[in-house]
1. Answer yes or no as to whether Gly233 is modelled with pLDDT of 95 or more, in contact with a Leu (Cβ under 7 Å, 6 or more places away or on another chain) and over 17 Å from Ser165 (Cα atoms).
2. List the residue pairs whose Cβ atoms are under 6 Å apart, where the first residue sits in the stretch 116-145 and is in contact (Cβ under 8 Å) with a residue 40 or more places away in the chain, the second is aromatic (Phe, Trp, Tyr) and buried (at least 21 other Cβ atoms within 10 Å of the Cβ), and the two are 6 or more positions apart or on different chains.
3. Would you kindly identify the strands (runs of 3 or more DSSP E) lying entirely within the stretch 154-238 that contain at least 1 residues that are β-branched (Val, Ile, Thr) and in contact (Cβ under 8 Å) with a residue 12 or more places away in the chain?
4. Counting only residues that are of a type in the set (D, E, K, R) and over 14 Å from Gly104 (Cα atoms), which one in the stretch 23-69 is surrounded by the fewest Cβ atoms within 10 Å (Cβ to Cβ)?
5. Condition first: of a type in the set (Lys, Arg), farther than 23 Å from Gly55 by Cα and either at pLDDT 95 or above or in contact with a Pro (Cβ under 8 Å, 6 or more places away or on another chain) (or both). Can you find one or more residues in the stretch 134-143 that meet it?
6. Out of all the residues in the stretch 180-190, is one or more surrounded by 21 or more Cβ atoms within 10 Å (Cβ to Cβ) and closer than 20 Å to Lys266 by Cβ?
7. For the stretch 1-33, how many residues meet the condition of being out of contact with any helix residue (DSSP H, G or I) (no Cβ under 7 Å at 6 or more places or on another chain) and either closer than 23 Å to Asp78 by Cβ or outside any loop (DSSP other than H, G, I, E, B) (or both)?
8. Which residues, counting only those in the stretch 1-22, are surrounded by 11 or more Cβ atoms within 10 Å (Cβ to Cβ) and not hydrophobic (A, V, I, L, M, F, W, C)?
Amino acid sequence: MFDIVSWLFPKLPFPDCYTLETSSTSIRNIRCVLQYRGCAYHGWQIQPKGHTVQGIVENCLSRILQESIRIKAASRTDAGVHALMQVINFRTTSKLSTGKLLKGLNSLLPKDISAIYMDEVTNEFDAQFFAKKKTYIYLILNTQQRSPFLVRYTWQIFSTLDIESMQKGSKSLIGKHDFSSFMGAGSDVKNKVREVFRLEVKKISPLIVIEIEADGFLKHMVRNIVGLLVEVGLGKRKWDEVRKILDARNRCMAGINAPANGLFLKEIKY
């Protein structure tokens, strides 16, 4: 069932085994959960001339804590991609409570970025490397009626998509595979093997929701998978071609790169 409330207000899995009740070190490790709309940003990661989410958050934290703050994130979302649950961690010498820090951070952040949770964690916790599973969702608006409300958060496909064929094709991508066929250009990642635990294609008219959970993702991997499944849904590809495209390990064989604005980082599991 499509439950937009649970997406926007996620039931967080924290506190967990990494949460500290009391601090015993001079340098504290702080974990924070962020939500943001990616429309106005050149992605998560800091760039020399780009307006990024990381840059904004680091600047706000540095102002509050009066020291240079560098943060690590569970997932580096691309330009235009949104996050319902981005997990970060950073280190500080400040004794400011996490409650006051959370409130102060939200007072400085722009309206399209929000900090929804913060706690102090063990020294070894790393938001990026400790993440075991990541989940993304992609929203497709499959109707001929335009929506001024959903246009910034969906990819609108006016022709009716064959949901059954998309579901059949998606099953070929579940499991541990080399996803080279779905990796975007410009990536220097050596190991292209990722394990997809779950890939669901659900129709909640007029939306089609594609949800994918994996141990990690290559550059543009989710958007390229969505692009191929849409081509299957439009009848441009047969559903049984998906496995052949995966095995080819050739980006030129796969489908188009779906627009960034329909993609959301939904959940991080540790």
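1. When the stated conditions are applied, Gly233 does not pass them.
2. Every condition considered, the pairs that remain are Ile137/Phe264; Ile140/Trp155.
3. Counting at least 1 such residues, we get 193-204, 207-214.
4. Lys49
5. Scanning the stretch 134-143 turns up no residue that is of a type in the set (Lys, Arg), farther than 23 Å from Gly55 by Cα and either at pLDDT 95 or above or in contact with a Pro (Cβ under 8 Å, 6 or more places away or on another chain) (or both).
6. Yes, the stretch 180-190 has at least one match.
7. Count: 12.
8. Passing the criteria: Ser6, Pro10, Pro13, Pro15, Asp16, Tyr18, Thr19.
The values are calculated or read from the model by the stated rules, or taken from the named source; none is laboratory data. Treat the numbers as computed from the prediction; the structure is a model and nothing was measured. Cβ: placed from backbone, ideal geometry, glycine included. Neighbour counts: every protein chain shown.
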